[in-house]
1. Considering only region B:351-383, state which residues are more than 7 Å from chain A (Cβ to nearest Cβ), on the phi > 0 side of the Ramachandran plot and either outside any helix (DSSP H, G or I) or at pLDDT below 90 (or both).
2. Could you tell me which residue of region A:649-666 is surrounded by the fewest Cβ atoms within 10 Å (Cβ to Cβ), considering only residues that are part of a helix (DSSP H, G or I) and under 39 Å from the mean Cα position of the chain (by Cα)?
3. Does region A:658-692 hold any residues that are farther than 15 Å from residue A:755 by Cα, free of Cβ contacts under 8 Å to residues at least 12 places away in the same chain and touching a helix residue (DSSP H, G or I) at 6+ places or on another chain (Cβ under 9 Å), and which are they?
4. Among the helices (runs of 4 or more DSSP H) confined wholly to region B:156-264, which include 1 or more residues that are without any contact (Cβ under 8 Å) to a residue 24 or more places away in the chain, within 44 Å of the chain's Cα centre (by Cα) and within 26 Å of residue B:130 (Cβ to Cβ)?
5. Find the residue count for region A:865-877, including only residues that are within 7 Å of chain B (Cβ to nearest Cβ) and either part of a loop (DSSP other than H, G, I, E, B) or surrounded by fewer than 23 Cβ atoms within 10 Å (Cβ to Cβ) (or both).
6. For region A:335-346, how many residues are touching a helix residue (DSSP H, G or I) at 6+ places or on another chain (Cβ under 9 Å) and part of a strand (DSSP E or B)?
7. Within region B:296-319, restricting attention to residues that are more than 10 Å from chain A (Cβ to nearest Cβ) and not in a helix (DSSP H, G or I), which residue is surrounded by the fewest Cβ atoms within 10 Å (Cβ to Cβ)?
8. How many residues does region B:17-36 hold that are at the interface with another protein chain (Cβ under 9 Å from one of its Cβ atoms) and under 30 Å from residue B:382 (Cβ atoms)?
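The values are calculated or read from the model by the stated rules, or taken from the named source; none is laboratory data. The structure displayed is predicted, hence computed values, not measured ones. Here the Cβ is made from the backbone with ideal geometry for all residues, glycine too, and neighbour counts use every protein chain on show.
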């Protein structure tokens, strides 16, 4: 069977879906058999006709031919049967409506308890509302219903209305006025009342009598669903195991038949009532097995049965599990690993995967030779093919073809070959959780040896991927339209700019940044050989400029190398990441080389680091390059210059070692002095507190004030200690370089490694929970000094004291718990946001509209600008336009 | 005229007006004027710049069909995974704890009736805003003061059948309450016939003498009632903090009650704002609620250091407010009022949606995204929205056999 993937090829489309209640007549009409037998199989194991497994109900075994439609397994859709209920029962799913209707209509004349004059008026209102404001019409109907329910004397016949009581789930009583007597309303009575409610009255309270007469909510005939939706499964032991629905249906039939017998035998009312009640129970649980107030129907093993409502409900239910999200073919999943030699647009696919995933390719005079080769190679040799489809639609499985040569020769235009995935194919690549559209992008296949999917490091941020065991999914689009869209819209390079904030989400990360810094640093001088090597790594083709230094030897600067990849008319000025603290520069004359100046495509000054080329850095040099020179150029830039960045790191070597975070003895002494000073201050504060002279911060208690003050002192101590440590660190120390350029880590991390950890906290407070008055038994009770409350004096390099280790663990645990709790909360929030907004689109008149074409915004975002194309939110960047024209800005 | 000479300010403005007004949104034209006049430009340069600006603007507009809703939802939802759960004390005001981060964001999209930490920024009129004394004067009128806030102790004297409220002099001064005011408040103690007088021995003590003998069993309740009596201030405002911002004093109130605060003289009701969306909607209207919603969501995101374009937030706010009342993002609001049965069933409360639809004989016209995913059709956004209206090739064969 071939699937029709293109909408225009599909013969019938669903235009709309109408909902309603099945009437007894309809149920009988669509039924192929009445179900009367509680036994399902005879001694020979053949299904009994007239049972819930009647063969007429559908084909569930291979080779079987449907006696009704003549189709076989997979093509026979199955057919409904029916059960004639001996006595009517209530459909639980509609109890709320039955209850409302019983209260809203008169017990004697069955009219809606609204005076005739009002009814006529309401009818006019309702009709008008329905045309213009369907939602208001709904509310109006609800109002009319409430009013009818409140009426205690029927305005039509003057009958006094008793209170109706619903005893959950399905029993109704009429309560007499003195509240003493309760008369049970059995389904027959309810049904007969409902039958007399006029259609016009029902319309007023929002019911559609054509599609849903209220008496149909009381079941007299029960449809038996086809066996295809409740197939029995054959266990390995040869024992047949029935579906939960089948079990429930058998229960219903059994009770129903018993009831019929008893009625015809004239059994006492009591017995009949009991059986009737039992029938009601089974029918109730058949519809919904989680109705409050009654025990759920159980399987023999004690597991609650999964009946109709349970099949639809919830995350794994029909709606969310099978209809909104579907399982797909042509997909693969495996571990990911990095490959800096791929393009950002590419994905490395293991040969073993490529041999399973296929692309249908139509045979043409231009590809016939190639496809013949694939067919000859067969399913086991890459690049081969797995299936061939003849113009008649016959599918040939190449695994079982002995004469592949013959098949290859019979190929002709019009045939389709399902060939292996090969280099240059487009696929979709995805990492869960798919939180934004960049979580699924189009990649171009590179079939590689190995067992993992390979990807370029710069695409890690949009996927939020790392390589500590992450797995990713891959999907192969099967139609020409899908492939075209994937190439034009989904390709990674089209997603360098994020629609979230109008800046690049893809850019340099980690080593790329370190490398860029090393390359463009003033200290880097490159010989001819060095330059050649870097340019070769970057696949540069073209002239090499004049060397910056001619004598004694020719030397090129790294900035010259970087400039070779910049467009010739590119101007840019901006601060780099280094430009902070005492290395800060605000202008061109920069001693620290931390102000970037690019004029006419030449990097004249400044080092390239995170602020210039990093990912998630809006208004950076890289951002303007992408915006002004297009995504093709941006891809090329990343596939060339970025490789030179990596290459220079490889040439020079770049590691972090223990020495990088070691500070001299005198520095340690200095830090300890700072800590001692802070401890003294705290002792003073505590003393003040104990003497009761501590001045509280307005609106806080003295205790709170003390805590706040102590925390302030400790935080300050940590910061100054960090500054001391930073002062002793070598400027070209690799760890420090990484922190300063923004490649990885920050100054705080270095402080914690070199100087001290500082205060550990849980819920923003110092750690105090644990034993009474103390978090750990190593301190005295009620010691509120820094050490007893989780201040860590040691650094990671020095090593933590045992007590400190426990405090650190407490703080670390909080972080883990926090993440776990947050993901579920934010996940649900995002689901709601998506669900509320997913129908919105921009129309051709630039308005934002909802699914029903109602207008939400007259101009999208008040200026009609796409955030992705904006420059960090600005519709147009005027300063940048000026800079581009005159080469500078204020 | 040579293009080498620098243009005068007037000439620049004239050229900008000629080229841009009517072409670009007014706000952008004004921005261009403000920026360009800071530079000395030649005619040629200016034209080049304006060319770039016009070109960029039209290049940057949204494409028809773009699923802006989904993008907005993702743009707010994705960074929310990076937010912290904790609440922080407010920047600059360490006296107040304010809910921030994910809990606050959820509160906002939930359109909760009252935020977990209601807050008001009360701005003052010109005559009050410059002086600290005048600001304190207003603050005292706003801050809700109960007997318990100024009482040092409350004693029951069964012998004389009276209750003695002893007041704390420091607190009285701090809250700007006189003993006389407390006395007046206590006189309102209805249902009990009692005499309220200032103690002859102690000017900071008030004696309430009851005519009927005190019921011991109800004493505790009575004590509670006395303590909770309001002396002055606005209901719900637990604390007022005076802050100097720029060149004026601003009152930051713990608690929110716009209608009551607006009535107090000295309050600039034009600038005063609350963080309570529902209250703002009731008092200032739906547009104010929308603006506040945008501001509050942006504030939460910015405080967490998350960069989200304001257009996404505006779309969420517009969706929440477009019916004229603030609607929650979720089944009791925006999602619950969708036209499609299938979309609602796929979101939450599946069974009820289906039975209600059946009873009403509803028709799902399959116009939205979720419904079309369910039935397996193309979703009506993006490239799939593009339809061929007239296909001449398709018409031809039909006409030939139309004669049959």
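1. Matches in region B:351-383: B:376 only.
2. A:650
3. Matches in region A:658-692: A:688, A:692.
4. Numbers: elements: B:169-175, B:179-187, B:216-227, B:258-262.
The helices (runs of 4 or more DSSP H) meeting that bar are B:169-175, B:258-262.
5. Filtering region A:865-877 for residues within 7 Å of chain B (Cβ to nearest Cβ) gives A:865-867, A:869-870, A:873, A:875-876.
Applying the additional criterion that residues be either part of a loop (DSSP other than H, G, I, E, B) or surrounded by fewer than 23 Cβ atoms within 10 Å (Cβ to Cβ) (or both) yields A:866-867, A:869-870, A:873, A:875-876.
Of the residues in that region, 7 qualify.
6. Adding up the residues that qualify gives 3.
7. The selected residue is B:305.
8. Quick first cut of region B:17-36, residues at the interface with another protein chain (Cβ under 9 Å from one of its Cβ atoms) only: B:24-25, B:27-28, B:31-32, B:34-36.
The next check asks that each one be under 30 Å from residue B:382 (Cβ atoms); those that pass are B:24-25, B:27-28.
Of the residues in that region, 4 qualify.
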